[in-house]
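A.B. asks: Here it is: the structure, laid out below.
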Amino acid sequence: MPEVDEFSFLPAQAADIGRPTPTVERVQLTLDDGRTLSGLRWGDAPPAVTLLHGAGLNAHTWDTTLLHLGLPALALDLPGHGDSSWRDDAAYVARVLAPDVVTALEAWTTRPQTLVGHSLGGLTGAAVAASRPDLVERLVVVDITPGIDPSGGPAQLRAFFAGPTDWASRDELVERALSFGLGGSRTAAERGVFHNSRVRPDGRVEWKHHFAHLAAAAVNAGADPSTPDAVRAVLATTGWDDVAQVTTPLTLVRGERGFVTADDADEFVRRAPAAEVRTLATGHNAQEEDPAGLASLIREVAPLG
């Protein structure tokens, strides 16, 4: 039986939507402090769009969206996720992550990007656009605003990851994801778990991303897994300063069943009056629930050729 790797799923995903299998390669660079930053480069031409995933996800969350989009792109693994190094200080907040994204854009792109960020990636994208507008042609923020209520949807994710840190098999992780209503279909959940986990030398399976280990450590220290403490830093209201300073065209994509309420969206526009708000009939992970719709929306708000 052929060995499964991170690109083994792409032919079937492409065939399912009638698209050719694209060229995708993993790229890595070493940051000044020795950490590794990793990502996926889609296509042979220089990227036109760069995508940043949410907390607890990785660059592969965009696979089906990018198959629909059909454009050269760069999907990054944010620090602490995927194949990028964990941070020793566990500081996974937008303004700390933004300089690493800037380094990636300077290294791997040749033109200002349409920058698409989901959740934590959206807040990070705002920090990038605010600090380096020369690198960002347009910003698309998917289902996140600074300061949203962390006792709602974000707390569910914390509870999901605040379980054991290692498992006997990936099948156990798939069952856990499905029991929390995450991952969509079983096939999609299996694919997501493969991309988001690794097999240790002892044969046990663990999450790749640091968030799961931090959440479990908090519970072991006596914290209630339903409390929002672990996500407060990520959702800090200081992110509004970045949103207000974005000068490039800005779009907020809200999932009807996602984290962003109508009031949150109104506040977003109040803080950034030039921003537009679009809505998809999805939950928080719009890129996985309606990748075709999100790809179409990206093309509509940011014509990319």
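A.B. asks: If packing is taken as the average number of other Cβ atoms within 10 Å across a peptide's residues, how do 276-283, 86-93 rank, most packed first? Working shown, then result.
C.D. replies: On the way: 276-283: 17.0, 86-93: 14.2.
The densest-packed peptide leads the list: 276-283, 86-93.
A.B. asks: Tell me, what is the FRET efficiency for GLU206 and THR103 to the nearest 0.05, using R0 = 25 angstrom and their Cβ-Cβ distance as r?
C.D. replies: Step by step, r from the Cβ atoms, then E = 0.35.
A.B. asks: Can you find, among LEU214, ALA168, ALA75, the residue farthest towards the positive end of the dipole of the chain? Put +1 on the C-beta of Lys and Arg, -1 on that of Asp and Glu.
C.D. replies: Of the options given, the answer is ALA75.
A.B. asks: Follow-up question, since we're still on this one. For an R0 of 30 angstrom, estimate the FRET efficiency from the Cβ-Cβ distance between ALA12 and GLU256 and round to the nearest 0.05.
C.D. replies: 0.55
A.B. asks: Helix-derived [θ] at 222 nm for the chain: sum -39500 (n - 2.57) over DSSP H runs of at least 4, divide by residue count, nearest 500?
C.D. replies: -11000 deg cm²/dmol
A.B. asks: Want the number for THR187 to ARG19: 0.36 nm per residue separation, take away the alpha-carbon distance, what's left?
C.D. replies: 58.6 nm
A.B. asks: Note the full-extension length gain between SER179 and VAL301 as 0.36 nm times their separation in residues minus their Cα-Cα distance, in nm to one decimal.
C.D. replies: Details: separation 122, 0.36 × 122 = 43.92 nm, distance 3.56 nm.
Value of the extension gain: 40.4 nm.
A.B. asks: Neighbour counts of other C-beta atoms within 10 Å: give me VAL141, VAL246, VAL27, VAL101 arranged from fewest to most.
C.D. replies: By the 10 Å Cβ count, ascending, the order reads VAL27, VAL246, VAL101, VAL141.
A.B. asks: For the chain, give the share of DSSP beta bridges that are antiparallel, in percent and rounded to the nearest 5; count only bridges with both residues there.
C.D. replies: DSSP beta bridges in the chain are roughly 40 percent antiparallel.
A.B. asks: Work out how much length ARG270 to ALA292 would gain on full extension: take 0.36 nm times their residue separation and subtract the Cα-Cα distance, in nm to one decimal.
C.D. replies: Answer, rounded to one decimal: 5.0 nm.
A.B. asks: Can you compute the charge dipole magnitude of the chain about its Cα centre, using +1 on each Lys and Arg Cβ and -1 on each Asp and Glu Cβ, nothing else charged? Give it in debye, rounded to the nearest 20.
C.D. replies: 220 debye
Values in this text are rule-based calculations from the coordinates and carry no lab data. In this text the structure is predicted, and so the values were computed from the model without any measurement. Virtual Cβ from ideal backbone geometry, glycine too; neighbours counted across all protein chains shown.
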